[in-house]
Amino acid sequence: MSAPLLDIRELTVRVEGKEILSGLSLEVGRGEVHAIMGPNGAGKSTLAQALAGRDGYGVSAGSMRFDGEDLLGMSPEERACKGLFLGFQYPVEIPGVSNMYLLRSALNAQRKAAGQPEINAAEFLRRARQEASRLKLKPELLKRGVNEGFSGGEKKRNEMLQLAVLKPRLAVLDETDSGLDIDALKVVASGIRALRDGQRAFVLITHYERILNLVSPDKVHVLAGGGIARSGGAELVQELEAAGYETFLREAA
Amino acid sequence: MSAPAARNPEIQELLQRKYQHGFVTDIESDTLPPGLDEDVIRVISARKEEPEFLLDWRLRAFRYWREAREPSWAKLNIPPIDYQAISYYSAPGAAKDAPKSLDEVDPRLLETYDKLGIPLHERARLAGVAVDAVFDSVSVATTFKSRLAEAGVIFCPFSEAVREHPELVRKYLGSVVPYRDNYFAALNSAVFTDGSFVYVPKNTRCPMELSTYFRINERNTGQFERTLIIADEGSEVSYLEGCTAPMRDENQLHAAVVELVALKDARIKYSTVQNWYPGDEKGRGGIYNFVTKRGDCRGRNSSISWTQVEAGSAITWKYPSCILRGDNSTGEFYSVAVTNNFQQADTGTKMIHIGRNTSSNILSKGISAGRAQNTYRGLVKVFPRAEGARNRTQCDSLLIGRDCGAHTFPHMDIGHPRAVVEHEATTSRISEDQLFYCRQRGLGEEDAVNLIVNGFCKQVFNMLPMEFAVEAQALMNVSLEGAIG
């Protein structure tokens, strides 16, 4: 129990030959909510993709451990089955594959990996509908193809639905708050709060303080210059709002 | 930013999964030496103990074929075929002692069909599908004949129909696909050796799915089967067809003809899962699948529906079509064509609207991978008298990788000013983004590919009868577990 849930040490990631993260270290404990802020191009999304194990995000140095286990040797699906969830910045459309079918397949794949039996179809449907209604996601979107013809806000809420049904141990949400109107933002924030149970951890990657005002993170980090330039509590958010990222960029350089 | 899926080694492996039905059955056969002339046709006709009218018809077809030329309009690269190097007749066992019942069928044959997942033996009839098995040129077993006979349904090898029901054969053979129709239809008419025959009497719903399983076994043989299905007034039948062949380095020719006749108020549903050997990953070997399939909605309110899953063959040239002659008749064509490596497919349909208030629906899904070329070719023709004709066409192409091609040639020939004809076409790629998205949610890569391809094909798979959906599923390795919700 003593090891942090997520333990990233001196992580260096190269994308298409270019070093994006250089010796980044970050610890996230169980039940904690961390916010990662930073200017465009700082490598926030790169961190998220590397955590999830995407091809092309090559880790050239350092380590990532999840609940004590080395993530580097694991495929994306193994990481997912261990309980690492990535909320995508731009969720992709998969035509013809029903939204519910993907979610049920995903849940069953994760249950299988955990040695559990498949979920009963009716039970699954009940649970999915319940969570969808909490997230104010229109019921007809459950039957449609994955993200097929969804608005930007609907796609983000659908990510939240998957999060709520899959119940991962760590959710990395990559700009889930971007492009949402205030009502949708409140729905997403309350979704996060509802899933905050003292065990589940969150890493919120964001540009804006508005989501952080609604969720109140335990820790805030500024990602700049390829690493964590500064860490602090919620007060750091106000500081950033006032001063911008300029100072951190200078400090990091 | 994202690498194309084709470069991903695991996807490559998935795509290059080996052909599962490539074995050869070691069995004694009665095979004519290669070559084709009138004498060969006379021998075939004599072995089949055919009536004079049929021999005459064959010879007329042969004479027409001799003067005809291979079609060259398809977007296919077809190496020259030496028609004199092919053997036009091959039957398992000695021709004289054909099996009278399943108990007399060579156990090695039964084993072959077992291996293919087509159990012919009575013990395995739980699926409730009547099967006619055609091995090389000859029908070797037909199951459930007596139960069908009780309903008045005739389901038998074509050669048996020629003997037992010559009046029906004479009336309908060539009435939908005349031997002059095209080069391969002419060749088939001259040399066809067997196939399936179905007659469903008036106001009868065929009590079970009918199925024919075609298998090419012998080397250097062609398979030229002929299928004729007649649905009399007010009747209904669903027919399934499957095909496999051993792996060989040389190409083999399969030139079949299928004719469907739907009389007044009759319905025919014809489904195909075509899995002939496609050749290896370098493009060596494989079946040339040059097939003419056509249905004639001859009576009012009749309907014909084609569903095909085309996965095998080195080259496919095939356009299951509907002649909508009867008023209020409907034609449907649902197709999934998958090509990989060096496979080529030029496939589609023709909907010929002649009667009034006729309607047709075309849904084509082409999946192309490797260096394959996949073409949809369609014709919608509306005659000037076809008041109230409607057609809807949708053609979607899915590309996996950068070296393959997808092409769409929808022809429309609209002779009535108020016909309603809609056409929609899309082309898309399986993206790394889609795969990663699925894997991030916990699905293995293979499952993710299957899920995406299945989603793409879903509307067509939904049209297959349950019994065949299973085979399509195995073939595409795609889960057909219905999407819920």
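If you plug each phi of the range A:169-179 into the Karplus form 6.51 cos²θ - 1.76 cosθ + 1.60 with θ = phi - 60°, what whole-Hz ³J(HN,Hα) values come out, in order, with x for Gly and Pro?
Values per residue, Gly and Pro as x: 7, 9, 10, 9, 10, 8, 6, 4, 7, 5, x Hz.
Please go through the residue pairs A:Lys167/B:Lys458; B:Lys171/B:Lys293; A:Lys44/A:Lys156; B:Lys145/B:Lys202 and name each one whose alpha carbons sit more than 23 Å apart in this structure.
Violating the 23 Å limit, Cα to Cα: A:Lys167/B:Lys458.
Multiply the residue gap between A:Ala61 and A:Gln130 by 0.36 nm, knock off their C-alpha separation, and tell me the result in nm, one decimal place. Provide the component values of the computation, followed by the final result.
Working: separation 69, 0.36 × 69 = 24.84 nm, distance 4.33 nm.
Using 0.36 nm per residue and subtracting the Cα-Cα distance, I get 20.5 nm.
Starting from the Cα of B:Val420, step 7 Å along the direction of its Cβ; do the same at B:Gln84; then give the gap between the two resulting points in nm.
It works out to 5.7 nm between the two label points.
So what's the net charge close to A:Ile8: Lys and Arg +1, Asp and Glu -1, counting the other residues with Cβ under 10 Å from its Cβ? Display every interim value, and only then the final one.
Numbers: positive: A:Arg9, A:Arg65; negative: A:Asp7, A:Glu10, A:Glu27.
Charge balance near A:Ile8 sits at -1.
Going down the list B:Lys269/B:Lys381; A:Lys18/A:Lys219; A:Lys143/B:Lys264; A:Lys155/A:Lys219; A:Lys18/A:Lys143, which pairs span over 32 Å between their C-alpha atoms? Could the numbers behind the result be given before it?
Details: B:Lys269/B:Lys381 22 Å; A:Lys18/A:Lys219 29 Å; A:Lys143/B:Lys264 39 Å; A:Lys155/A:Lys219 27 Å; A:Lys18/A:Lys143 41 Å.
Violating the 32 Å Cα-Cα cut-off are A:Lys143/B:Lys264; A:Lys18/A:Lys143.
What's the ranking of B:255-263, B:267-275, A:127-135, A:31-39 by average number of surrounding C-beta atoms within 10 Å, highest first? Mind dumping the intermediate values first?
Working: B:255-263: 26.1, B:267-275: 24.1, A:127-135: 17.4, A:31-39: 21.1.
Highest-to-lowest ranking by the protection proxy: B:255-263, B:267-275, A:31-39, A:127-135.
Could you calculate the FRET efficiency of A:Asn120 with A:Lys143 from 1/(1 + (r/R0)^6), where r is the beta carbon distance between them and R0 is 22 Å, rounded to 0.05? Write down the numbers at each step before the final one.
Values: r = 19 Å, r/R0 = 0.87.
The pair A:Asn120/A:Lys143 has a calculated efficiency of 0.70.
Modelled label-to-label distance, B:Ser431 and B:Leu379, 7 Å Cα→beta-carbon offset: nm?
3.9 nm
Please check which bits of the range B:331-364 a label hung off B:Glu281 would reach, taking the label as a point 7 Å along Cα-to-C-beta and the cut-off as backbone N under 20 Å.
B:338-344
Count, for each residue of B:457-463, the Cβ atoms from other chains sitting within 10 Å of its Cβ, then give me the mean as a whole number.
Values: counts 1, 6, 1, 0, 0, 0, 0.
If you average over the peptide's residues, the count of other-chain Cβ atoms is 1.
With r defined as the distance between the Cβ atoms of A:Lys112 and B:Ser72 and R0 fixed at 45 Å, what FRET efficiency is calculated, to the nearest 0.05? Show your work: numbers first, answer last.
Details: r = 53 Å, r/R0 = 1.17.
Efficiency at R0 = 45 Å is approximately 0.30.
Between A:Glu246 and B:Arg392, take the C-beta separation as r, use R0 = 45 Å, and let me know the FRET efficiency to the nearest 0.05. Write down the numbers at each step before the final one.
Values: r = 59 Å, r/R0 = 1.31.
Using R0 = 45 Å, I get an efficiency of 0.15.
Any read-out appearing in this document is the output of simple, stated calculations on the displayed coordinates, not a laboratory observation. Nothing here was measured: the structure is a model prediction, and the numbers come from that model. Positions of Cβ are backbone-derived with ideal geometry, glycine not excepted, and every protein chain shown enters the neighbour counts.
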